[in-house]
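For reference, the structure discussed in these notes is given below.
The values are calculated or read from the model by the stated rules, or taken from the named source; none is laboratory data. What you see is a predicted model; the values in this text were computed from it and never measured. No Cβ is skipped: glycine too gets one built from the backbone with ideal geometry, and neighbour counts run over all protein chains shown. Ligands, DNA and RNA are stripped out before the accessible areas are found, and what is left, the full protein with its side chains, is counted by its heavy atoms. Shrake-Rupley method; radii C 1.70, N 1.55, O 1.52, S 1.80 Å.
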Amino acid sequence: MTTVTEVQQKWWGAHLREARWQGELARLLADPVWRGTDLPRGDGEPVLLIPGFLAGDQSLSVMATWLRRLGYAPRRAGIAFNVDCADRAIDRLEQVLHHAHLSSGRKVAIVGHSRGGHFAKALASRCPDAVSQVISMGSGLDDPFDISEVTRLAVGGVRRVIHRRDPELAAKGCFTHTCLCRYTRDFAAPFPAGIPLTSIYSKGDGVVRWQACVVPYARCVEVSGSHIGLAFNRRAYREIARTLA
């Protein structure tokens, strides 16, 4: 008899429907939310934007433009292609976070898309004194590998390349559930009670199982749309503006 776990492991997602992101971007640009109509304004608070797996800072450039229009100070993560060892990526992001914190004299809000949400959670656990709040979009907050089989294959390909290049990372189990690095401990640690965490998710997500985004220690907000399109989702943007304010 097939178990629930076996069924979950064989989830293939809905990757063809992810092409909807282009329509979601078009709808955003035509929506009043893009112009900031009836949305609360920021007061210069720094907001660190962290892109998802296989993506880079450019994937959140639309959001950065919009946040700047609302009165925030968006900060790039410095990621061109999010496929590096998570531990090394978090070490670099920690420096970006501290620079934004010290240069502004304020705590930093973090918005992370997909894998970027995993990084945001780990950063908040590692540097709670520098973080004001975290917003994740389409991120499995307890299990980062609760993803479609197609995405698992992509992760496996990246893992093999990293392990061939760096035997030390292979020994630690980089890009696996059993990774022994500091990032894994930070990610798995109880989320800091004093930092608000908002998880934005969609039941139409074709990449990450939406149930993985719903956790008891976050305020979970459902929107409609695709996984990729969360970076351009007008409903998500409205929620982000309200949450940051």
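A few points about this structure:
- Segment 146-245 - Kirkwood radius from inverse mean 1/r over Cα pairs (Å): 15.8 Å
- Estimated FRET transfer efficiency when R0 is 22 angstrom, pair Arg41-Ser103 (beta carbons, to 0.05): 0.55
- Based on every Cα atom in the chain, Rg and the maximum pairwise Cα distance Dmax equal 17.3, 58 Å.
- With Cα atoms as the point set, segment 42-122 shows a radius of gyration and Dmax of 11.8, 35 Å.
- For the chain, excluding the exposed loop sites themselves (trypsin sites (Lys or Arg not before Pro), DSSP loop, at most 15 other Cβ atoms within 10 Å), the longest remaining stretch covers 42-202.
- More than 15 Å apart - percent of Cα-Cα pairs taken over segment 7-75: 66 percent
- Straight-line reach from Lys172: taking Cα to Cα under 29 Å and skipping same-chain neighbours fewer than 8 places apart, the lysines in range are Lys10, Lys121.
- Using a Förster distance of 22 Å, the FRET efficiency for Arg68-Gln95 (Cβ separation, nearest 0.05): 0.45
- With all protein chains modelled, accessible area of Tyr183 [1.4 Å, Å²]: 20 Å²
- Segment 1-147: translational diffusion in µm²/s, Stokes-Einstein, Kirkwood Rh over Cα pairs, 10 °C, 1.306 mPa s: 96 µm²/s
- Rg over Rh [alpha-carbon atoms, Kirkwood Rh] for segment 92-219: 0.99
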